[in-house]
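Bear in mind these aren't lab numbers, they're just calculated from the coordinates by the rules spelled out. None of these values were measured; they are calculated from a predicted model. Here the Cβ positions follow ideal geometry from the backbone for every residue, glycine too, while neighbour counts run over all protein chains shown.
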């Protein structure tokens with residue numbers, strides 16, 4: 001049985017999975033189509049988890065609505081071709097999710113990715129049954145760090161917020177949890193450092209998902 005938390009809600013990119021290869025390809029495809037300079041892998045990595053509009057602004061300084069919409073559409077056009085195939089799970093993702101489910105815990109995902117992409121990736125790895133609920137970009141009016149998606153997931157499960165833990169790799173995720181008054185555990189599998197996370201409320205900063213499992217799940 002789970003201890004303090006009975007519901008574990010995850011970010012997706014750099015928390016459960018690594019989509020770097022596909023994201024870099026999609027970003028540079030969109031930038032090239034817009035006549036903008038390509039960006040290197042590390043610059044793009046630091047924007048993963050942002051909305052596509054914020055990603056475009058962070059990478060180029062371009063922020064007008066027309067450009068943001070075009071970037072979004074071009075990114076999705078290429079992502080429909082390459083993203084699912086190029087995404088990999090972290091080594092402990094399946095084992096951690098399996099143990100949570102075996103222990104009777106509820107599991108969800110709240111992401112700035114479109115929901116259908118996450119569902120495709122879950123199906124690719126045959127782990128659809130390990131995630132009970134997904135909130136994607138198309139399911140909210142305001143993306144993270146707005147609390148809307150995380151609160152929607154908690155409401156779906158019908159649980160008290162005190163029994164929910166949100167797990168993510170970025171300051172966007174940490175702020176989402178804080179804005180939702182839901183506990184947050186950070187994983188250092190993305191580009192955000194331990195020191196960065198220390199400045200925001202958290203119950204744990206872990207090197208990976210296994211450490212979170214070992215901390216909050218009763219040993220069998």
One would report the Cα pair-distance distribution of segment 7-60, bin width 5 Å, in %, as 4, 19, 30, 24, 11, 6, 3, 2, 1
Rounded to the nearest 0.05, what FRET efficiency is calculated for residue 208 and residue 66 with R0 set to 25 Å and r the Cβ-Cβ distance? 0.05
Quantify how much of the Cα-Cα distance distribution of segment 33-89 extends past 19 Å, in percent. 28 percent
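Counting every Cα pair in the chain, what percent are over 33 Å apart? Present the calculation step by step, with values, prior to reporting the outcome.
Details: 3048 of 24090 pairs.
Beyond 33 Å sits 13 percent of the P(r) for the chain.
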When the gyration tensor of segment 61-190 is built from Cα positions, what are the square roots of 5 times its three eigenvalues, in whole Å, from largest to smallest? 25, 20, 13
Specify the angular offset, from 0 to 90 degrees and rounded to the nearest 10, of the alpha carbon long axis of helix 115-124 from the longest principal axis of the alpha carbons in the chain. 70 degrees
C-alpha long axis of helix 65-86 to longest principal axis of the chain, angle in °: 60 degrees
Cα centroids of segment 180-196 and segment 67-86: how far apart, whole angstrom? 27 Å
Residue among 139, 40, 183 with the largest mean-square fluctuation in a Gaussian network model of the chain, springs linking Cα atoms under 10 Å: 40
If I take R0 = 25 Å and measure r between the Cβ atoms of residue 98 and residue 160 in this structure, what FRET efficiency does the formula 1/(1 + (r/R0)^6) give, to the nearest 0.05? 0.50
Quick calc, residue 115 & residue 215: beta-carbon distance into FRET formula, R0 25 Å, rounding 0.05, result 0.30
Roughly speaking, what is the centre-to-centre gap between segment 48-64 and segment 1-42 when only Cα atoms are used, to the nearest Å? 13 Å
Which value in nm describes the separation of the simple spin-label points at residue 41 and residue 179, placed 7 Å from the Cα toward the beta carbon? 3.2 nm
Between segment 123-161 and segment 95-119, how far is it from one alpha carbon centroid to the other, in angstrom? 9 Å
For segment 81-126, just say rounded, prolate or oblate: build the C-alpha gyration tensor, square-root its eigenvalues into a ≥ b ≥ c, call rounded for a/c under 1.5, and beyond that prolate if a/b exceeds b/c, oblate if not. prolate
Nearest 10 degrees, 0 to 90: what angle lies between the long axis of helix 93-102 and the longest principal axis of the chain (Cα atoms)? 40 degrees
